[in-house]
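Engineer: What follows is a single structure, and I will ask about it in a moment.
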Amino acid sequence: MAADPAGADVHHQVGVAGAARLLHGYGPEVPQARWPGGARVAVSFILNWEEGSEPSHAAGDGENAQGLSETPVALPPGVRDLAIESVYEYGARAGIWRLQRLFDAEDIPLTLFATAVALELHPEVAAWVRTRGHEPAGHGYRWDRMYLLDPAEERENIRRTVRSITDTTGSRPLGWYSRYSPSPMTRSILVDEGFTYDSDAYNDDLPYQTTVDGRDHLVVPYSLTYNDGRYTTAFGHPDPGSFLEQCRRGFDYLWEEGETAPRMMSIGFHPRLIGQANRASALRDLIHHMKSRGDVWFARRVDIADHWRRQVLGSGG
């Protein structure tokens, strides 16, 4: 199936099991987004803010966090893992503030994929988001497995997340990214609840419109390729230089392609990982490289979504 002139996939995407796959994108004719200032690439930096919301015995979960951590060994079920808890504590105590200093100094706006509990536990982070105008996007109330919830439970989780983030940051989240895989109903509920976009997909380099239960909805795809989570995988970044090189190569290629068509790059990171000094230095070098090339638009995801609707889809933001 081809995309229509407005850039929407022409199949019907519904919030039930068995929905159509989104296999067909823009094809050879990429829409002209005309990024602000004539930029070749829109770069979205995404800070995953989760510290304190992860599974832990301290929170009464009876389990420990798994993955996206420095610790290579998982303790047996039922045994509290103080080591992995302290890794997350590093993100909250030190990593987030190193990143705050970096992005404040570089004057770059962020989108936070934020769990509501992490913002509740750290009002000083919520205040920074509010003061600097960063975008808080919904990331669940805690580390919620949406695919395990029935539709009523999932809807209430999303509503609770919206209420909490609005209270802590002063901004109602308009974007969403599920901590794990979304459920077949997630997108339908998000449209019902007034979200203007979601990032629950890794299937394109550009935003695209799809149809959810007969209603238009924008997807701003995310990336696990340009992501510091790869520091913790066997086939990921062995050192900060590897992260820098992978992101730099990706940016440079997109920048070259951006001479004739718009390009977008999503770079996701976590304070407990890239907040370490050696890794933060690679992130800083990447930012300086991007700025040295010029013709780049550093943007929050909600701004990319609004711009795409106006420039490509011809609708208001």
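Engineer: For the range 1-58, which positions are surrounded by fewer than 19 Cβ atoms within 10 Å (Cβ to Cβ), in contact with a Gly (Cβ under 7 Å, 6 or more places away or on another chain) and modelled with pLDDT of 80 or more?
Structural biologist: TYR26 - this is the single residue of the range 1-58 that is surrounded by fewer than 19 Cβ atoms within 10 Å (Cβ to Cβ), in contact with a Gly (Cβ under 7 Å, 6 or more places away or on another chain) and modelled with pLDDT of 80 or more.
Each row is one residue, and each column tells you yes or no for (1) closer than 22 Å to LEU190 by Cα; (2) β-branched (Val, Ile, Thr); (3) in contact (Cβ under 8 Å) with a residue 60 or more places away in the chain.
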| position | (1), (2), (3) |
| --- | --- |
| ARG215 | yes, no, no |
| SER223 | yes, no, no |
| ASN227 | no, no, no |
| ARG230 | no, no, no |
| GLY241 | no, no, no |
| LEU254 | no, no, yes |
| GLU259 | no, no, yes |
| MET265 | no, no, yes |
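Engineer: Got a sec? Which of ALA105, ALA152, ALA126 is surrounded by fewer than 23 Cβ atoms within 10 Å (Cβ to Cβ) and within 30 Å of LYS291 (Cβ to Cβ)?
Structural biologist: Step by step, each of ALA105, ALA152, ALA126 is checked, and only ALA105 is surrounded by fewer than 23 Cβ atoms within 10 Å (Cβ to Cβ) and within 30 Å of LYS291 (Cβ to Cβ).
Engineer: Okay, next question. How many residues are among the hydrophobic types (A, V, I, L, M, F, W, C) and surrounded by fewer than 17 Cβ atoms within 10 Å (Cβ to Cβ) when one looks only at the range 187-214?
Structural biologist: Filtering the range 187-214 down to residues among the hydrophobic types (A, V, I, L, M, F, W, C) leaves 189-191, 195, 201, 206, 212.
With the extra rule that they be surrounded by fewer than 17 Cβ atoms within 10 Å (Cβ to Cβ), the set shrinks to 201.
Result for the range 187-214: 1.
So that you can scan it fast, the table gives a plain yes or no per residue for (1) modelled with pLDDT of 95 or more; (2) in a helix (DSSP H, G or I):
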position: THR161; (1), (2): yes, yes
position: ARG179; (1), (2): no, no
position: SER183; (1), (2): no, no
position: LEU190; (1), (2): yes, yes
position: PHE195; (1), (2): yes, no
position: ASP205; (1), (2): no, no
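Engineer: Continuing with this model, one more query. Residues of the range 233-253 being outside any loop (DSSP other than H, G, I, E, B) and over 18 Å from the mean Cα position of the chain (by Cα), which ones? Talk me through it step by step, then tell me what you get.
Structural biologist: Residues of the range 233-253 that are outside any loop (DSSP other than H, G, I, E, B), as a first pass: 240-253.
Those that are outside any loop (DSSP other than H, G, I, E, B) and over 18 Å from the mean Cα position of the chain (by Cα): PRO240, GLY241, SER242, LEU244, GLU245, GLN246, ARG248, ARG249, ASP252, TYR253.
Engineer: Kindly list the number of the only condition in (1) touching a helix residue (DSSP H, G or I) at 6+ places or on another chain (Cβ under 9 Å); (2) of a type in the set (Lys, Arg); (3) under 22 Å from PRO184 (Cα atoms) that fails for ARG130.
Structural biologist: For ARG130, the exception is condition (3).
Engineer: List, please: which pairs have Cβ atoms under 6 Å, are six or more places apart or on different chains, and start with a residue in the range 56-74 that is of a type in the set (D, E, K, R) and end with one that is in a loop (DSSP other than H, G, I, E, B)?
Structural biologist: What qualifies is ASP61/PRO55; GLU63/PRO55.
Engineer: Over 19 Å from PRO136 (Cβ atoms) and among the polar types (S, T, N, Q): which single residue out of GLN100, GLN66 fits that description? Steps first, answer last, please.
Structural biologist: Working: GLN100 fails: over 19 Å from PRO136 (Cβ atoms).
That would be GLN66, the only listed residue that is over 19 Å from PRO136 (Cβ atoms) and among the polar types (S, T, N, Q).
Engineer: Which residue pairs have Cβ atoms closer than 9 Å, lie 6 or more positions apart in sequence or on different chains, and pair a first residue in the range 275-296 that is in contact (Cβ under 8 Å) with a residue 24 or more places away in the chain with a second residue that is among the aliphatic types (A, V, I, L, M) and exposed (fewer than 14 other Cβ atoms within 10 Å of the Cβ)?
Structural biologist: ARG284/ALA105
Engineer: Further question: From (1) within 18 Å of the chain's Cα centre (by Cα); (2) of a type in the set (A, V, I, L, M); (3) modelled with pLDDT of 90 or more, pick out the condition that doesn't hold for MET146.
Structural biologist: (3)
Engineer: Among the residues of the range 163-177, count how many are of a type in the set (A, V, I, L, M) and in a loop (DSSP other than H, G, I, E, B).
Structural biologist: 1
Engineer: I'm trying to understand the selection: among the residues of the range 165-186, which are surrounded by fewer than 20 Cβ atoms within 10 Å (Cβ to Cβ) and among the hydroxyl-bearing types (Ser, Thr, Tyr)?
Structural biologist: THR166, SER171, TYR180, SER181
Engineer: Also: Can you find a residue in the range 293-308 that is touching a helix residue (DSSP H, G or I) at 6+ places or on another chain (Cβ under 6 Å), outside any helix (DSSP H, G or I) and among the basic types (Lys, Arg)?
Structural biologist: For the range 293-308, residues touching a helix residue (DSSP H, G or I) at 6+ places or on another chain (Cβ under 6 Å), outside any helix (DSSP H, G or I) and among the basic types (Lys, Arg): absent.
The values are calculated or read from the model by the stated rules, or taken from the named source; none is laboratory data. Computed from a prediction, not measured in an experiment: that's the story for all the values here. Here the Cβ is made from the backbone with ideal geometry for all residues, glycine too, and neighbour counts use every protein chain on show.
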